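Just so it is clear, none of the values below were taken in a lab; they were calculated from the coordinates. Note that this is a predicted model, so its numbers are computed, not measured. As a convention, Cβ positions derive from the backbone with ideal geometry for all residues, glycine included, and neighbour counts pool all protein chains shown.
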Amino acid sequence: MTCEKITYLIEKGYLTRLNISVKLQVKLHTYYCTCCTNYPKDSIFINKMLAQLDENEGTLSFTAQEKEELKKNLIDLNPTN
Amino acid sequence: MEQQNEINTGEWVDLYADSLFNYANIRINDADLAKDLVQDTFISALKAIDKFEHKSSVKTWLYSILKRKIIDHWRKQESRKTNPMSYFNQDGVKKGGFLDGHNPQGKLAEVEVEIENNELSDALTKCIGALPVKWKGIVIDKLVEEKESEEVCNEHAISASNLWVIIHRAKVQLRDCLEKKWFEA
């Protein structure tokens, strides 16, 4: 099996259950392949980072001035005022 | 006394503008456009205020409006699609092996990550931005919002095996992109 196929199976394994013979094939391949030994380390790291993206309470914010302008524009449009 | 149906848009801005801004930027990787979309979200919300039934919170409602705007933006981008590159040899004796210069070196996993490593998050956001449009929504729904696979497949009208293929190709690209941005920048 090629690295393309093995990395596909590694990713698939994070999404669904792999059967035992497929797991074994992945394991055998990683015995002699450095790329595919390294790949899941990076991949799990990226999954963790992706899952945290929305949780990082904001690296970006509107400036105080932008917020005031935004508020002013919205007041003019507000039908309940 | 404040009337029940009186809308305090100043409070919307104070409470939600920044978190909506970040949410949009992660998904479209363009801070100016993200700001515009947040402003549009508030305006759309005001216009549709009679349809808001207080069944969900204002926050949930605003996010759902913003999300629709983001999807519209992705759709507009879709016309500019390019074919994603492969990171594997397409033929020869090394067929299916990683292309030279794209071998996973396992270095990313060794980066010291505090919970909030903003620089790394920014790099990842840029890499998500470079994904083909078709994959982007799928990657965000599955791996950022961590929805069930079945739900993602239904929403995007794809099969489970389509999902596995897309996630694999997207992850290979993200891994390569992040490694290059982090170690070669």
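Some observations on this one:
- A:Val26, sole failed condition from (1) in contact with an Asp or Glu (Cβ under 8 Å, 6 or more places away or on another chain); (2) more than 11 Å from chain B (Cβ to nearest Cβ): (1)
- Taken as a whole, the condition of being at the interface with chain A (Cβ under 10 Å from one of its Cβ atoms) and either touching a Pro at 6+ places or on another chain (Cβ under 6 Å) or not charged (D, E, K, R) (or both) does not apply to B:Gln173.
- Every condition in (1) free of Cβ contacts under 8 Å to residues at least 24 places away in the same chain; (2) assigned to a helix (DSSP H, G or I) is met by A:Phe62 except one, and the failing one is (2).
- Selected residue (only one of B:Glu6, B:Glu78, B:Glu11 is surrounded by fewer than 16 Cβ atoms within 10 Å (Cβ to Cβ) and either away from chain A (no Cβ under 11 Å) or in contact with a helix residue (DSSP H, G or I) (Cβ under 6 Å, 6 or more places away or on another chain) (or both)): B:Glu78
- Top-ranked residue in segment B:131-185 [being of a type in the set (Gly, Ala, Ser) and under 17 Å from B:Ile26 (Cα atoms); ranked as surrounded by the fewest Cβ atoms within 10 Å (Cβ to Cβ)]: B:Gly137
- Where B:Leu46 falls short, out of the listed (1) hydrophobic (A, V, I, L, M, F, W, C); (2) more than 18 Å from B:Asp141 (Cα to Cα); (3) away from chain A (no Cβ under 12 Å): (3)
- The C-beta contact set for segment B:94-110 (first residue free of Cβ contacts under 8 Å to residues at least 40 places away in the same chain, second residue among the aromatic types (Phe, Trp, Tyr), distance under 6 angstrom, 6+ apart or interchain) comprises B:Gly96/B:Phe88; B:Leu99/B:Tyr87; B:Ala109/A:Phe45.
- Within segment B:22-62, considering residues that are surrounded by fewer than 17 Cβ atoms within 10 Å (Cβ to Cβ) and in contact with a Ser or Thr (Cβ under 9 Å, 6 or more places away or on another chain), the one nearest to A:Asp76 (Cα to Cα): B:Ile49
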